[in-house]
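These notes concern the structure reproduced below.
The values are calculated or read from the model by the stated rules, or taken from the named source; none is laboratory data. In this text, all values refer to a predicted model and were calculated from it rather than measured experimentally. FYI the Cβ positions are ideal-geometry reconstructions off the backbone, even for glycines, and counts take in every protein chain you see.
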Amino acid sequence: MIELGSIANIPLAEQLRHGLRRLGKAVVVVTCWHDDRRWAMTATAVSELSMEPPSLLLCVNKAASLHGPLTARANFCVNILNADQLEVSQACAGQRQGEERFSAGQWGSGACGTPYLRGAQANFFCEYETHVAYGTHAVVIGAVKEVDCSGAVDPLIYVDGGYARAVRLA
């Protein structure tokens, strides 16, 4: 329930942003190979969709560079970042453009050319299934074809407009 008074006079979209700052999410970099080049974008709007069939969904702003390749049916990889991969997140969040985004971190290439981040918490290699345009974004659904995990569980978290590290409480 929203407390009246603190944000009640703020437009609903701003209230939504304000509320979502409290939702900590693992930071991922979504990558793909399209038109003979690599593409990368930092994201937090990624979620599992179904275990049968294994699938993920991601929400991509229509203004993002990765929107075109993904809605053109490019296969993609969702790379969950380690807490020590902050530079990769920043590079792919707009600090760098195009191929320069791949100058941070160590990158490999999957069987179909899809780039992936070596040493990430997990890499989910996805085959494009479909997308749905909704408002300012596209919801892209991918069928998970392979999952690689590495290292201890220590994801990079984005919460309240900044980066954090998860701490186990129980």
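Residue count for segment 85-96 under the criterion of being over 18 Å from G151 (Cβ atoms) and either in contact (Cβ under 8 Å) with a residue 12 or more places away in the chain or of a type in the set (G, A, S) (or both): the result is 5. May I ask you to list the residues in segment 126-140 that are surrounded by fewer than 18 Cβ atoms within 10 Å (Cβ to Cβ) and over 18 Å from G113 (Cβ atoms)? Answer for segment 126-140, where residues must be surrounded by fewer than 18 Cβ atoms within 10 Å (Cβ to Cβ) and over 18 Å from G113 (Cβ atoms): E129, T130, V132, A133, Y134, G135, T136, V139. Where helices (runs of 4 or more DSSP H) sit wholly within segment 1-107, those with at least 3 residues that are more than 11 Å from the chain's Cα centre (by Cα) and surrounded by 14 or more Cβ atoms within 10 Å (Cβ to Cβ) occupy 67-71, 86-90. The number of residues in segment 108-133 that are free of Cβ contacts under 8 Å to residues at least 40 places away in the same chain and not small (G, A, S) comes to 3.
Among the residues of segment 110-124, is any modelled with pLDDT of 95 or more, surrounded by fewer than 18 Cβ atoms within 10 Å (Cβ to Cβ) and either closer than 14 Å to W33 by Cα or over 17 Å from the mean Cα position of the chain (by Cα) (or both)? Scanning segment 110-124, I find no residue that is modelled with pLDDT of 95 or more, surrounded by fewer than 18 Cβ atoms within 10 Å (Cβ to Cβ) and either closer than 14 Å to W33 by Cα or over 17 Å from the mean Cα position of the chain (by Cα) (or both), so the answer is no.
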